[in-house]
Every structure is written in C-alpha cells, then in structure tokens.
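The structure appears below as structure tokens.
The values are calculated or read from the model by the stated rules, or taken from the named source; none is laboratory data. The shown structure was predicted, so the numbers you read here are calculated from the model rather than taken from an experiment. Neighbour counts are summed over all protein chains in view; Cβ atoms, including those assigned to glycine, are modelled from backbone coordinates with ideal geometry.
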Amino acid sequence: MAYRSTERTEQHRAARSAALVSAGVQLVAAHGFAAATVAEVARRAGVSTGTVYTYFPEKLALTAAIFDRAAGIELDVVRAAVGFGAAERRAVPARDRIAMLVRAFGERALRGRTLAMALLFEPADVAVERERLIFRRAYAATVTEILADGMAEGSLPEQRLDLIAPAIVGALGEAFIRPLSPPVDATSADGAETRAVLDEIVSATQRLAGFAVAPRPTPARAYPR
C-alpha cells in the first residue's frame, strides 16, 4: 500500500509539474519569456506562487523547463520531417532533406512568431542561454546526419561537418531574424509570401552546405521593410 501511495504521489507531482511548464509555454508563446514570471505561471495554472516554488525552487529552473519543453517540441517536428535516425531516410536525397529541414523549421517559426523569437533571440536568463546551446547542438547533429548522407551519396564534397553543421544552424537562425521581426502587416502571413521567404532561405542553405543549386530569379520583396 505504501508503494502504491508513493507511486500515486509521484504521478501527481509529475502531472502538476507538467501543468506548470505548459502554463509557462503558453505565456511565452503569447508574450515571450518576459511574461513568464512565477506569479503569472501560477495564475495561469490556477495555483499559488508557493506551489510553483515547491516544484521549481528557483525561477531559473522554471524558465529552463519551459524552454526545454517548447524547444523540444520544435526539434521533434523538424527531426520527424527529415527522418532523423531512420534507416529509410536515405531513400530521400540529402539535398531534398536539407530543404525539408528548413521548411519544417521555417513554417512553424513563421506561424508562431512570438514563440520563435523567444526561443531564438529574446534576451533571457542564464538558464535559457544554456538550453539554447544544448538545442543548437541538437540541430547541428540533425544537420550533420543529412550532410554525412550527402557525402555518402556523392552529392556533397568531403567537408568538416563539425564546423559546417553548426555554421548552417547559426545561419538558419540569423536568416529568420528579419522575417520574424515586427512590424508584421496583414500581408506578411500570406501563403505565397511565406513560400517566397522559405524558398530563398532553402536555396541559401543548400548553397552553404555545398549542394548544386540552379540559379534563382531575383525574388520580389517577400516581407515588409
């Protein structure tokens, strides 16, 4: 009986902790990390601030958990899109898979601009900066797998993946600063314009990786100046 009681207690604690993190993710998605105070997380979750501190002894632990949850969802979507770790991924050319990575990442970022800006660029505490570094490395590992497959299939020259993959991840994030930044007018969410932005970033990423890319016509302006 004591074992079952302890098991139920742990399940309750895990559920409450997850609910607090979910409340924090909702706040960040709507308003950024600045809005995810302990008081606001408690209010949204319907608990006292003391309850929050029971599960997260300091705010740094809470913001790290919020970042980990939100960024983990995005990483999982991107990895699923490119078949990360799956043997059958090699049926799709690496050049196409790097395009799939950019589109999966970019489409979600452009649909959830506030969350994307918070995860990528918003000034935050040291816990968030540590999590950002962890996730950059995870994205670099995803890119590394694609480029290694490209070298194996002969579509890429031999290259230092430990240098090139992080460079691509960094460039990809920087490429979205302007498309994600305000002001955002009513036309910026238009499907055709979103595709134009993504097409340009896909092409640039493929060139950076070393894939052969046909010249593109000069695009029309795809987002507000």
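When the residues of the range 1-52 are narrowed to those that are among the charged types (D, E, K, R) and exposed (fewer than 14 other Cβ atoms within 10 Å of the Cβ), which ends up nearest to the chain's Cα centre (by Cα)? Before you say what the answer is, go through the steps one by one.
Looking only at the range 1-52, we keep the residues that are among the charged types (D, E, K, R), and these are 4, 7-8, 10, 13, 16, 40, 43-44.
Filter again for exposed (fewer than 14 other Cβ atoms within 10 Å of the Cβ), leaving 4, 7-8, 10, 13.
Values: R4: 38, E7: 33, R8: 33, E10: 30, R13: 27 Å.
Looking at residues that are among the charged types (D, E, K, R) and exposed (fewer than 14 other Cβ atoms within 10 Å of the Cβ), I get R13.
Quick check, is R130 assigned to a helix (DSSP H, G or I), closer than 28 Å to F211 by Cα and not polar (S, T, N, Q)? The answer is no for R130.
Within the range 109-122, is even one residue in the same structural domain as G24 (by TED's automatic domain parsing) and either acidic (D, E) or on the phi > 0 side of the Ramachandran plot (or both)? Before you say what the answer is, go through the steps one by one.
If we filter the range 109-122 for residues that are in the same structural domain as G24 (by TED's automatic domain parsing), which is where we start, we get none.
No, the conditions are met nowhere in the range 109-122.
Taking the range 115-127 as the range and being assigned to a helix (DSSP H, G or I), touching a helix residue (DSSP H, G or I) at 6+ places or on another chain (Cβ under 6 Å) and surrounded by fewer than 21 Cβ atoms within 10 Å (Cβ to Cβ) as the test, the residues that pass are M117, L120, A127. Set side by side, the residues E58, E88, E74 differ, and just one is within 14 Å of the chain's Cα centre (by Cα) and of a type in the set (D, E), which is E74.
Please verify whether the range 140-160 includes one or more residues that are part of a helix (DSSP H, G or I), at pLDDT below 95 and either over 19 Å from A116 (Cα atoms) or touching a Lys or Arg at 6+ places or on another chain (Cβ under 6 Å) (or both).
Let us first name the residues in the range 140-160 that are part of a helix (DSSP H, G or I), namely 140-153.
Those left that are additionally at pLDDT below 95: none.
Scanning the range 140-160 turns up no residue that is part of a helix (DSSP H, G or I), at pLDDT below 95 and either over 19 Å from A116 (Cα atoms) or touching a Lys or Arg at 6+ places or on another chain (Cβ under 6 Å) (or both).
Every test in (1) closer than 17 Å to R132 by Cβ; (2) outside the structural domain of V169 (by TED's automatic domain parsing) is passed by S17 save one, and that test is (1).
Take the conditions (1) in contact (Cβ under 8 Å) with a residue 60 or more places away in the chain; (2) exposed (fewer than 15 other Cβ atoms within 10 Å of the Cβ); A86 misses just one of them, which is (1). Can you find, within the range 96-107, the residue that is surrounded by the most Cβ atoms within 10 Å (Cβ to Cβ) among those that are in contact with a helix residue (DSSP H, G or I) (Cβ under 6 Å, 6 or more places away or on another chain) and of a type outside the set (A, V, I, L, M)? Per the criteria, the residue is F105.
Going through L156, L110 one at a time, which residue ends up being touching a Phe, Trp or Tyr at 6+ places or on another chain (Cβ under 9 Å) and under 20 Å from E193 (Cα atoms)? Please lay out each step first, then the result.
Values: L156 fails: under 20 Å from E193 (Cα atoms).
That would be L110, the only listed residue that is touching a Phe, Trp or Tyr at 6+ places or on another chain (Cβ under 9 Å) and under 20 Å from E193 (Cα atoms).
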